[in-house]
Structure formats: structure tokens, C-alpha cells
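**Q** Handing you a structure now.
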Amino acid sequence: MEMVKFKRNIESNLSLVQSAIAGGTAGAVTRAIAQPLDVLKIRFQLQLEPIKKGSKYSSILQAVYSIVKDEGVTALWSGHIPAQLLSVSYGTIQFSTYEKLTQICKQANPQFFSTHKHLINFSNGAIAASVATVLSFPFDTVRTRLIAEEKTNKVYRGFVNALSVIIRKEGSSALYKGIAPTLAQIAPHAGIQFFVYKLFTENIFNSISFFKRGTNVGTVVESSVIANLLAGGIAGMVSKTAIYPFDVIKKRLQIQGFQEHRKFFGRQMYCNGTVHCVKLTISEEGFLALYKGYEPSLLKAVIVSALHFAVYDEIKHFIIKSINLSK
């Protein structure tokens, strides 16, 4: 009992700023590594033709070869600046909000928190992600446009130019195209992520000696880096599979008004809202079109989620040790 109490006391000393720094750093690291997978995912999602031999993009390897051949290797990092701004801002807001909500729940009713810990992890993760999404969404829209454009016939000169052109020609509301399906997917997506991650690190891996790590902070035992990576990967796989269709619809809505600049990629879709976009996608391409780009997206989700949670917990672990050593 003392060990649990000691651990809680240490964790409560983590400030909002420290949680934000850890979350922002985790976002930056994962984005730099996973950006090419994001580019592949979005290119597949926006392709109306079937993903088969003879199409613009027919497989992951063929798509990589095609993009590098036609547009250069740097195209695999298209939209990287707004993507980094998205990841850093999202990670900062998400993790700091999650930690703050968790602290409030613990302090308000420790017994209730202990009894309903997994449900609270789900709800806090969902709320934190929703807040982070609304505040960082314009970066996502600009990133999608930069990835969607043909690099041999560029529309935008970079992040700042893309932002100004979108606002000038389409209005500031265009930066929030696709926000409805995004919020519909992000709350359960993040809720499932935090639920699964905490379930594995605190209840499953923590009971297996191989996955335990002595932190040198008193007698506190935490899950190891390997355990955090595995739990994060599993969390990413489960959550992405559950909400993937919403992501496809979001991406298609974000390029509305931009189709004339994408004719090189094949047929374009013109829709006027979430429901209309879903109907067109299913009627013209079939139900499985809602899972276009699923393979690179799943690969990205596993890698990003594993790195995001593991890097965040490593930085958090370092801060906890530093706090204890300074006492």
C-alpha cells in the first residue's frame, strides 16, 4: 500500500507544463519517423479508383516507388511542417489535459477512481483528444492539402502560403472542413487508445516480471520500455481499426474545393457534407472503400501509438526520477 501511495505522490508533482513538454516531444519524435506512412495513407484515401494493378497507387511498395519517381523522395515528407505543428500542438494539449483530468478525478474521489479506473481512462482520453483536435485542426487541413497536391504542379509554396491562400480563397471556415467526422472518430479512438494502453501496462504487463522495470525511485515498479512499446502498438492497432472509415471521410472532405489541382491523380469526388460523402463513397466505390489506405494507416498507427506512448512515458519517467533525486 505504501508503494502505491508513494508512486501517486510522485506523479502528483508533475506540473501541467512538464506534462505538456513530454507530450509535445513525443509528438515531434513520432511525426518525424512516421510522416512517409501518413503520406501513403492519405494518397490511398483520396484515390477514387480501385486499389489494384493498373491504378495510380496499387500497393504500398508501388506507391512509394511511384511517388519517389514522379515527385522525388522529399514528397514522402510532404506537409511535414504543418504535420509537426499538428503533432506537437496535439501531443502537448492531449497529454497535459489527460494528466490534469486524471489528477482531478483522483483527488475528487480516490475510491471511485480506483474502482472505475479503466472507464475513467477511456473518458479522459476521449475528452483530452477532442480538445486537442479542435485547437490543432487547421494544421491538419493544411497538411492534407500539401500532401494531396501534385508536386510537379504545385499550388502552394509552403505552409504559410497554403494557410493564407486557403483563408483568402475559401474563408477561414475551410480550415475546419471535415471537423465533424474527425470529432466523431477522435473521441472513441483516443478513448480506446488510453483504455487499452493503461490496461496492458498497469494490469497485464505489470504482472509479468520480464516487463517490469525498477525505476530507482524508492520501490516503485513501472512497465519497461519494451512493455510500453508493445502496449502502445496494440492500442494503436485496436483503435485505428475501430474508427478508420471516419478518417477516410475526413480526408475527402478536407480537399473539397481543391479537386481541380488533383486531376493528375485520377477521378475526383465532389460532396457537400459528411453524409453525402459517405453515400457517394459507398455507392461509387463500394463499402470497402471506407478502408482504402488501411494497410499503411494501420502500420503507421502501430508505430506512432507505440512511440507516442513510450516516448511520453520515458520523459515522464525521467521527470519523476529527477524530482525524487532533487528532494
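**Q** List every residue pair whose Cβ atoms sit under 8 Å apart, with the two residues 6 or more apart in sequence or on different chains, where the first one lies in segment 84-98 and is at negative phi and the second, anywhere, is outside any helix (DSSP H, G or I).
**A** Within 8 Å, no pair qualifies.
**Q** Hey, can you tell me all the residues within segment 33-62 that are of a type in the set (G, A, S) and touching a residue at least 60 places away in the same chain (Cβ under 8 Å)?
**A** Let us first name the residues in segment 33-62 that are of a type in the set (G, A, S), namely 34, 54-55, 58-59.
Answer for segment 33-62, where residues must be of a type in the set (G, A, S) and touching a residue at least 60 places away in the same chain (Cβ under 8 Å): A34, S55.
**Q** Turning to a different aspect of this structure: Give the residue that is nearest to S59 (Cα to Cα), with candidates limited to residues of segment 278-327 that are among the small types (G, A, S) and in contact (Cβ under 8 Å) with a residue 12 or more places away in the chain.
**A** G293
**Q** I'd like to check something: does segment 101-120 contain any residue that is basic (K, R), within 22 Å of A28 (Cα to Cα) and assigned to a helix (DSSP H, G or I)?
**A** Here is the first cut: in segment 101-120, the ones basic (K, R) are 106, 117.
Still in the running and within 22 Å of A28 (Cα to Cα): none.
Taking every residue of segment 101-120 in turn, none turns out to be basic (K, R), within 22 Å of A28 (Cα to Cα) and assigned to a helix (DSSP H, G or I).
**Q** Do any helices (runs of 4 or more DSSP H) lying entirely in segment 1-86 carry at least 2 residues that are modelled with pLDDT of 85 or more and buried (at least 17 other Cβ atoms within 10 Å of the Cβ), and which ones are they?
**A** On the way: elements: 2-12, 16-45, 60-71.
Correct list: 16-45, 60-71.
**Q** Quick check: is even one residue across segment 251-264 at pLDDT below 80, over 24 Å from I179 (Cβ atoms) and in a helix (DSSP H, G or I)?
**A** Yes, some residue in segment 251-264 is at pLDDT below 80, over 24 Å from I179 (Cβ atoms) and in a helix (DSSP H, G or I).
**Q** Every residue in segment 135-161 that is in contact (Cβ under 8 Å) with a residue 40 or more places away in the chain, touching a Ser or Thr at 6+ places or on another chain (Cβ under 9 Å) and assigned to a helix (DSSP H, G or I), please.
**A** Let us first name the residues in segment 135-161 that are in contact (Cβ under 8 Å) with a residue 40 or more places away in the chain, namely 135-137, 139-153, 155, 158-159.
In the following step, the residues that additionally are touching a Ser or Thr at 6+ places or on another chain (Cβ under 9 Å) were identified as 135-137, 139-140, 143, 146-149, 151.
If the condition is that a residue be in contact (Cβ under 8 Å) with a residue 40 or more places away in the chain, touching a Ser or Thr at 6+ places or on another chain (Cβ under 9 Å) and assigned to a helix (DSSP H, G or I), then L135, S136, F137, F139, D140, R143, L146, I147, A148 are the ones that fit.
**Q** Condition (residue is out of contact with any Ser or Thr (no Cβ under 8 Å at 6 or more places or on another chain) and at pLDDT below 90) applied to segment 190-206: is it met by at least one residue?
**A** yes
**Q** Moving to a separate point now. Can you pull out every residue in segment 265-285 that is surrounded by 12 or more Cβ atoms within 10 Å (Cβ to Cβ) and either hydroxyl-bearing (S, T, Y) or modelled with pLDDT under 85 (or both)? So that I can check it myself, show each step before the final result.
**A** Step one: of segment 265-285, the residues surrounded by 12 or more Cβ atoms within 10 Å (Cβ to Cβ) are 265-269, 271, 273-282, 285.
Those that are surrounded by 12 or more Cβ atoms within 10 Å (Cβ to Cβ) and either hydroxyl-bearing (S, T, Y) or modelled with pLDDT under 85 (or both): F265, G266, R267, Q268, M269, C271, G273, T274, T281.
**Q** Do you know which of the residues in segment 87-107 that are more than 16 Å from F195 (Cβ to Cβ), among the aliphatic types (A, V, I, L, M) and modelled with pLDDT of 90 or more is surrounded by the most Cβ atoms within 10 Å (Cβ to Cβ)?
**A** Among those that are more than 16 Å from F195 (Cβ to Cβ), among the aliphatic types (A, V, I, L, M) and modelled with pLDDT of 90 or more, it is I93.
The values are calculated or read from the model by the stated rules, or taken from the named source; none is laboratory data. Remember, predicted model here, so these are calculated numbers, not experimental data. Note: ideal-geometry Cβ built from the backbone for every residue, glycine included; neighbour counts use all protein chains shown.
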